[in-house]
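A.B. asks: Sharing a structure, written as structure tokens. Questions coming.
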Amino acid sequence: MIKNDLFLRALKGETVDRPPVWMMRQAGRYLPEFMELRKNYDFFTRCQTPELASEITVQPIRRYGMDAAILFSDILVIPQAMDIEVEMKPNFGPYLPNPIRTKVDLDKVIVPDINDTLGYVLDAIKMTKEKLNDEIPLIGFAGSPWTILCYCVEGQGSKSFDKARGFCFTQPELAHQLLQKITDTTIAYLKAKVKAGVNAVQVFDSWGGMLSPQDYHEFSWPYIQQIVDALKDESPVIVFGKGCWFALKEMAASGASAVGVDWTCSPQNARYLTGGKVTLQGNFDPARLLSPPDKIKSMVHQMIREFGKDKYVVNLGHGILPNIPLENAKAFVDAVKEYQE
């Protein structure tokens, strides 16, 4: 039994004294203890070494006491497992030297055995669970199939992913085959994570907002729905699409336990678009953590009032930025813990 089960209760829609709080990318580059580890180990070494991944996962919990931990990993471990080479270049970001753009490229992409290819993630989960000692829940995550396709086709990060979108629009059959391979791999991966001990899973559709609503419902949403359908009876599932306010109605009706909201959609609109029936998560602008701590606290309290304390998980509208002062991150978490109606 998890001692602090506030997060899991919020996902079930139960009445709570205050909403739970965690932050996307809370295990990472804004923390000095993380930066110390980064000096000695490159990015994928940190992901692939269970001792390091579990240590990084619990660092923010020790410092701030969030209501949930999220396993330190990366969405691009999926293409790596599928025999697509992925590098993380310093001061550049992800780089895939052999992007998928033809049928020949696609034929080389495998749907792997998760235990063989991503066993290190499952080991990291077990190690993290030991460190957390059932104090709080652990979240596992994956990127949405569309977001993974963006990197696989583009070959690197991008502001607009024109090559990825062009691939979908000029070779839709190949795009759907690649999306299905990614989906099959992701379902197996998340099921393995649940079996290894995570208490909830989140699907990040970071680049969903790059697509028009019509194209989103062709190239992204159906694959996320497959993931929700496959996982929802085994674990709570959170769906988060950045820039995807237009899909909130479908997300709310999907069977997901919670729907993430970014900072461009107001709490009132988010509740309206989701019909008030589903737990929402979000949606503090990550750059707003640069505001003075007192301002952060008053804005967080206002946000909770607007969402309502029930069926709500306090979070950022995307990942925490690397330049956020430690006391500002603390003000965000403390504001939630101090909240009273």
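The values are calculated or read from the model by the stated rules, or taken from the named source; none is laboratory data. Model, not experiment: these values are computed from the prediction. As a convention, Cβ positions derive from the backbone with ideal geometry for all residues, glycine included, and neighbour counts pool all protein chains shown. Surface accessibility is based on the protein's heavy atoms, side chains included, excluding ligands, DNA and RNA. Shrake-Rupley method; radii C 1.70, N 1.55, O 1.52, S 1.80 Å.
A.B. asks: Failed condition for Tyr272, given (1) open to solvent by 10 Å² or more (accessible area, probe 1.4 Å); (2) within 22 Å of Asp310 (Cβ to Cβ); (3) touching a residue at least 12 places away in the same chain (Cβ under 8 Å); (4) in a helix (DSSP H, G or I), with all others met?
C.D. replies: Tyr272 satisfies all of (1) open to solvent by 10 Å² or more (accessible area, probe 1.4 Å); (2) within 22 Å of Asp310 (Cβ to Cβ); (3) touching a residue at least 12 places away in the same chain (Cβ under 8 Å); (4) in a helix (DSSP H, G or I) except (3).
A.B. asks: Moving on. Taking Val194 as meeting all but one of (1) among the aliphatic types (A, V, I, L, M); (2) under 24 Å from Leu118 (Cα atoms); (3) out of contact with any Asp or Glu (no Cβ under 9 Å at 6 or more places or on another chain); (4) in contact (Cβ under 8 Å) with a residue 40 or more places away in the chain, write down the number of the exception.
C.D. replies: Going through the list (1) among the aliphatic types (A, V, I, L, M); (2) under 24 Å from Leu118 (Cα atoms); (3) out of contact with any Asp or Glu (no Cβ under 9 Å at 6 or more places or on another chain); (4) in contact (Cβ under 8 Å) with a residue 40 or more places away in the chain, Val194 breaks only (3).
A.B. asks: Do the conditions hold for Leu8, that is, is it part of a helix (DSSP H, G or I) and within 30 Å of Thr279 (Cα to Cα)? Give the steps one after another, and end with the answer.
C.D. replies: Numbers: part of a helix (DSSP H, G or I): yes; within 30 Å of Thr279 (Cα to Cα): yes.
It is true that Leu8 is part of a helix (DSSP H, G or I) and within 30 Å of Thr279 (Cα to Cα).
Quick grid of which residues meet (1) assigned to a helix (DSSP H, G or I); (2) under 15 Å from Ile320 (Cα atoms); (3) basic (Lys, Arg):
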{"site": "Met24", "(1), (2), (3)": "no, yes, no"}
{"site": "Phe34", "(1), (2), (3)": "yes, yes, no"}
{"site": "Cys47", "(1), (2), (3)": "yes, no, no"}
{"site": "Arg62", "(1), (2), (3)": "yes, no, yes"}
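A.B. asks: Then there is this: Among the residues of the stretch 174-221, which ones are of a type in the set (Phe, Trp, Tyr), part of a helix (DSSP H, G or I) and either open to solvent by 10 Å² or more (accessible area, probe 1.4 Å) or under 27 Å from Pro137 (Cα atoms) (or both)? Can you show your working first?
C.D. replies: First, the residues of the stretch 174-221 that are of a type in the set (Phe, Trp, Tyr): 189, 204, 207, 216, 219, 221.
Next cut, part of a helix (DSSP H, G or I) only: 189, 216, 219, 221.
Correct list: Tyr189, Trp221.
A.B. asks: Still on this model: For the stretch 222-238, state whether one or more residues are at positive phi and small (Gly, Ala, Ser). Break it down stepwise before answering.
C.D. replies: Let us first name the residues in the stretch 222-238 that are at positive phi, namely none.
No: the stretch 222-238 contains no residue that is at positive phi and small (Gly, Ala, Ser).
A.B. asks: Right, something else. Name the residue that is farthest from Val259 (Cα to Cα), counting only residues in the stretch 317-333 that are among the aliphatic types (A, V, I, L, M) and in a helix (DSSP H, G or I).
C.D. replies: Initial filter on the stretch 317-333 (among the aliphatic types (A, V, I, L, M)): 320-321, 324, 326, 329, 331, 333.
Among the residues that remain, those that are also in a helix (DSSP H, G or I) are: 326, 329, 331, 333.
Details: Leu326: 27, Ala329: 23, Ala331: 24, Val333: 20 Å.
Result: Leu326.
A.B. asks: Would you mind finding the one in Asp5, Asp42 that is open to solvent by 30 Å² or more (accessible area, probe 1.4 Å), touching a strand residue (DSSP E or B) at 6+ places or on another chain (Cβ under 8 Å) and over 18 Å from Gly119 (Cα atoms)? Outline the logic, then answer.
C.D. replies: On the way: Asp5 fails: touching a strand residue (DSSP E or B) at 6+ places or on another chain (Cβ under 8 Å).
Answer to the check: Asp42.
A.B. asks: Hey, among the residues in the stretch 54-105 that are open to solvent by 10 Å² or more (accessible area, probe 1.4 Å) and of a type in the set (Ser, Thr, Tyr), which one's nearest to Ala331 (Cα to Cα)?
C.D. replies: It comes out as Tyr64.
A.B. asks: From the residues in the stretch 223-241 that are part of a helix (DSSP H, G or I) and of a type in the set (S, T, N, Q), which one is most open to solvent (accessible area, probe 1.4 Å)? Quick ask: steps written out before the conclusion?
C.D. replies: First pass over the stretch 223-241, keeping only residues part of a helix (DSSP H, G or I): 223-231.
Imposing the further condition that a residue be of a type in the set (S, T, N, Q) reduces the set to 225-226.
Numbers: Gln225: 42, Gln226: 63 Å².
Among those residues, the one meeting the criterion is Gln226.
A.B. asks: Across the stretch 242-269, what is the total count of residues that are within 15 Å of Lys232 (Cβ to Cβ) and assigned to a loop (DSSP other than H, G, I, E, B)? Walk me through how you get there before you give the answer.
C.D. replies: Residues of the stretch 242-269 that are within 15 Å of Lys232 (Cβ to Cβ), as a first pass: 250-259.
So of that shortlist, the ones also assigned to a loop (DSSP other than H, G, I, E, B) come out as 253-257.
Of the residues in that region, 5 qualify.
A.B. asks: Which residue out of Asn323, Asn315 is modelled with pLDDT of 95 or more, of a type in the set (S, T, N, Q), over 20 Å from Ile139 (Cβ atoms) and under 21 Å from the mean Cα position of the chain (by Cα)? Lay out the reasoning, then the answer.
C.D. replies: Details: Asn315 fails: over 20 Å from Ile139 (Cβ atoms).
Checking each option against the conditions leaves just Asn323.
A.B. asks: Then there's this: Is there any pair with a first residue in the stretch 305-317 that is touching a residue at least 12 places away in the same chain (Cβ under 8 Å) and at negative phi and a second that is among the basic types (Lys, Arg) and part of a loop (DSSP other than H, G, I, E, B) whose Cβ atoms are under 9 Å apart and which are 6 or more apart or on different chains, and what are they?
C.D. replies: Within 9 Å, the pairs are Lys309/Arg18; Val314/Arg18; Leu316/Arg25; Gly317/Lys242.
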